[in-house]
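The block underneath contains the structure these notes are about, expressed in structure tokens.
The values are calculated or read from the model by the stated rules, or taken from the named source; none is laboratory data. Just so we're clear, the structure is a prediction, and the values are computed from it rather than from any experiment. Note that each Cβ is placed from the backbone with ideal geometry, even for glycine, and that neighbours are counted across all protein chains shown.
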Amino acid sequence: MRRFLIALLAVGASACADRAPLPASGVDGVPGEVMAAHGARWEREVRARAAAGDVDARGRLAVVAWIEGTPGAVDSLRAVAPHGSALAARTLASAYQSGRGVAVDHEAAADWLAVAARLGDPESARDLAAYRRHAG
């Protein structure tokens, strides 16, 4: 499962644009060893970038940790989101919306959506606008 998550997060990684995309046949048609090899390569690259201070890489690793339920993952998301990871900020919004790893807090979810929107995530901007319409 971990390699599957890592491979999914690799899709669209701007710093790894030269990488071949996942096969067009989709997840169901992709042999496990292909997913594992792709995920392992991506994980090595991202871990190296994160160690060098790359905010996007740190955010992606924090998201994988949150998806896996790793203790401290929310703290990792909180640490990287304000420094430029829209993905981490959006994931924090999801955490507060769902109560996964934190107490449900819709205002905190909206605050993290606002951070992600300021960082350029259009989906977060749309979700924040919808939240404000329904909350107000």
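Structure above, values below:
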| read-out | value |
| --- | --- |
| Test result for residue 130, assigned by TED's automatic domain parsing to the domain that holds residue 59, over 14 Å from the mean Cα position of the chain (by Cα), assigned to a helix (DSSP H, G or I) and not acidic (Asp, Glu) | yes |
| Residue check for residue 103: out of contact with any strand residue (DSSP E or B) (no Cβ under 9 Å at 6 or more places or on another chain) and modelled with pLDDT of 90 or more | yes |
| Any chance residue 18 is modelled with pLDDT of 90 or more and not hydrophobic (A, V, I, L, M, F, W, C) | no |
| Any hit, segment 77-88, residues being over 28 Å from residue 43 (Cβ atoms) and among the aliphatic types (A, V, I, L, M) | no |
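Results for (1) farther than 19 Å from residue 67 by Cβ; (2) touching a residue at least 24 places away in the same chain (Cβ under 8 Å); (3) polar (S, T, N, Q); (4) exposed (fewer than 15 other Cβ atoms within 10 Å of the Cβ), shown as yes or no for each residue.
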position: 83; (1), (2), (3), (4): yes, yes, no, yes
position: 94; (1), (2), (3), (4): no, no, yes, no
position: 109; (1), (2), (3), (4): no, no, no, no
position: 113; (1), (2), (3), (4): no, yes, no, no
position: 121; (1), (2), (3), (4): no, yes, no, no
position: 128; (1), (2), (3), (4): yes, no, no, no
